[in-house]
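Written out below as C-alpha cells is the structure these notes cover.
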Amino acid sequence: MRLIGQNSCSEYSTKSKIWHGEAYELVNLDFTPKFDLKKIAKRPFNLWRYREAIPIEEEAQIISFNEGGTPLLPIQFKDGAKALIKQEYLFPSGSYKDRGSSVLITQAKFLGVQHLVQDSSGNAGASIATYAQKAKIPCDIYVPADTSVAKTTQIAAMGAQIIKVAGNRKETAAMAFEAAKKSYYASHCFNPYFFHGTKTIAYEICEQLNWKSPDSIVLPAGNGTLILGAYIGFKELAELGIISKIPKIIGIQSRHCNPLFKLLHNPSFDLTNYVAEDTLAEGIAIPNPIRAKEMMKAITETNGNILQVSESEIKEAWKEMASLGFFIEPTSAACIAGLNLYLSGLVQPEICVSLFSGNGLKSIEKISKILNIY
Ligand SMILES: Cc1ncc(COP(=O)(O)O)c(C=O)c1O
C-alpha cells in the first residue's frame, strides 16, 4: 500500500501525513484489497464490514458511528420507469459524505494529525466536522459566505471553526488549500482516503444484489466523490472476481453548471475559465472539478454518459420524490431528474441504481422556494 503523486509519480508511505505530491499535485492510493465473502457475512451491516477492503492499517482506531448499510429501495416514477435507490440521506450527518469522512478521519487519527482543514459547499464540511469532533481533532472548515444556514449551523454545532469566504466555491477551495499547507487537508477532493470510503457504496449495492452488479448507476457529478468512489469500488470487486462487470456510470449535472457535459461533447473545452450560473443543485455546482480527468475516464471506460437537467426538471423531480415520502436535498433531486431522463432513453430495461445523496433538512431555504411558501 502506498501513495503515488499523479504528475511526478513519486511514491510516499501511507504512514506519512501526505495529502499531495511534490508539486502539490493530487495523490492516489495504490492498494489491492483482500476480501473474504464468508468472513464479512457475520459482521454488522455497516461500511466497516468491508474492513480488509479499506486501506487503513490494522492497528488503527476506527472512527465510526456504524454508518452505512443504507437501504436499497425500489421506486417507480409516474411514467412507470423503475429504479433502485440507495437511501444515502440516512447518515449521521445527513449525507453520503460520512462514508468518506469515517475513513479519512480514521487515517488522520492514525497519523496523529493535530489539526485539519477542509472546504466545502456544506455537506462535506458538516460531515468532516462531525467525525473530527468524534476523533477530537480540531478543524477549520472554509465555506462560501452564501452557504445555507442549516449547513453552517451544523458545522458550528460540531465544534469546528467556520471561515466564511466572500467568494465562490473555487475561491473557497483556494483559501483552504493555502491554509492546509500548514495543517492536514481533509479535503473530499484532494485526500484519496475519502474515495476509499465512498467506494463502499459499490460494495454495499453489490452485496444487496446478492453479489451482482447493476447494469447502470446514476450519480450526481460535482467533485466526483461518488463517481470516483463507485468506479474504484466496482473495479476492485471486478478485479477480485466477485462481480462479472462494472456498471455504466452516468453522471448528472445541472444545465447551469455543466463542465463535464461540455467536456464530454468537446474534449478540448477549457474548464479553467468556465463561469457557471446559479443552480438549485448547490452540491454539484463545481465549475472546474480538480479530478475532472479521472471522472471522465470513469465515465468513458464504463461506457457511461453525462446528462444535464434544467432547474424546472430539478423542481419537478423534488416534488415527485416528496409525493412518495422522500424529503431530499435539491442537489439529490437533480440526480433523480437525471435518473428519470436516463431511464426514459433506455431501449431495453436495466437494473439501474441511483441514490438520495442528502437530507432535505439541510436546504430548507431552497425547498421553501420550490414549494413557493414563506
Ligand atoms: C447532497 C449532495 N449530493 C451530491 C453531491 C455530489 O458530489 P460529488 O460529485 O463530489 O460526489 C454533493 C457534494 O457536495 C452533495 O452535497
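The values are calculated or read from the model by the stated rules, or taken from the named source; none is laboratory data. All values reported here derive from a predicted model rather than from experimental measurement. Every residue, glycine as well, gets a Cβ built from its backbone with ideal geometry; the counts of neighbours run over all protein chains shown.
Closer than 30 Å to residue 174 by Cα, buried (at least 17 other Cβ atoms within 10 Å of the Cβ), over 24 Å from the mean Cα position of the chain (by Cα) and among the aromatic types (Phe, Trp, Tyr), is that true of residue 89?
no
Report yes if residue 34 is of a type in the set (D, E, K, R) and within 16 Å of residue 193 (Cα to Cα), otherwise no. In short, no. Name the residue that is nearest to residue 337 (Cα to Cα), counting only residues in the range 289-302 that are surrounded by fewer than 19 Cβ atoms within 10 Å (Cβ to Cβ) and more than 13 Å from the ligand (Cβ to nearest atom). Among them, the one singled out is 300.
Residue-wise test of (1) within 30 Å of residue 327 (Cβ to Cβ); (2) in contact with a strand residue (DSSP E or B) (Cβ under 8 Å, 6 or more places away or on another chain).
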position: 25; (1), (2): no, yes
position: 28; (1), (2): no, yes
position: 44; (1), (2): yes, no
position: 54; (1), (2): no, no
position: 61; (1), (2): no, no
position: 73; (1), (2): yes, yes
position: 88; (1), (2): yes, yes
position: 93; (1), (2): yes, no
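Reported count of residues in the range 350-374, each being in contact with a strand residue (DSSP E or B) (Cβ under 8 Å, 6 or more places away or on another chain) and either not hydroxyl-bearing (Ser, Thr, Tyr) or not assigned by TED's automatic domain parsing to the domain that holds residue 280 (or both), is 10.
The residue list 205, 252 contains one member that is assigned by TED's automatic domain parsing to the domain that holds residue 345, buried (at least 21 other Cβ atoms within 10 Å of the Cβ) and touching a Pro at 6+ places or on another chain (Cβ under 6 Å), which is 252. Can you pull out the residues in the range 57-67 that are away from the ligand (no atom under 16 Å from the Cβ) and buried (at least 17 other Cβ atoms within 10 Å of the Cβ)? Scanning the range 57-67 gives 63, 64.
Name every residue in the range 1-41 that is in a loop (DSSP other than H, G, I, E, B) and closer than 15 Å to residue 291 by Cβ, in order of residue number.
Passing the criteria: 6, 7, 19, 20, 21, 24, 25, 26.
Applying the criterion of at least 1 residues that are modelled with pLDDT under 95 and loosely packed, with under 14 Cβ neighbours inside 10 Å to the helices (runs of 4 or more DSSP H) found wholly in the range 306-374 leaves 364-370.
Scanning the range 134-175 for residues that are closer than 24 Å to residue 287 by Cβ, touching a Lys or Arg at 6+ places or on another chain (Cβ under 9 Å) and aliphatic (A, V, I, L, M) turns up 143, 145, 150. Here is a check on your reading of the model: is residue 56 at pLDDT below 95 and under 24 Å from residue 185 (Cβ atoms)? So residue 56 does not fit the description; no. Being modelled with pLDDT of 95 or more and touching a Pro at 6+ places or on another chain (Cβ under 6 Å) holds for only one residue in 90, 84, 72, 47, and it is 84.
One residue stands out in the range 42-56 among those that are basic (Lys, Arg) and not in a helix (DSSP H, G or I): the one that is surrounded by the fewest Cβ atoms within 10 Å (Cβ to Cβ), namely 42.
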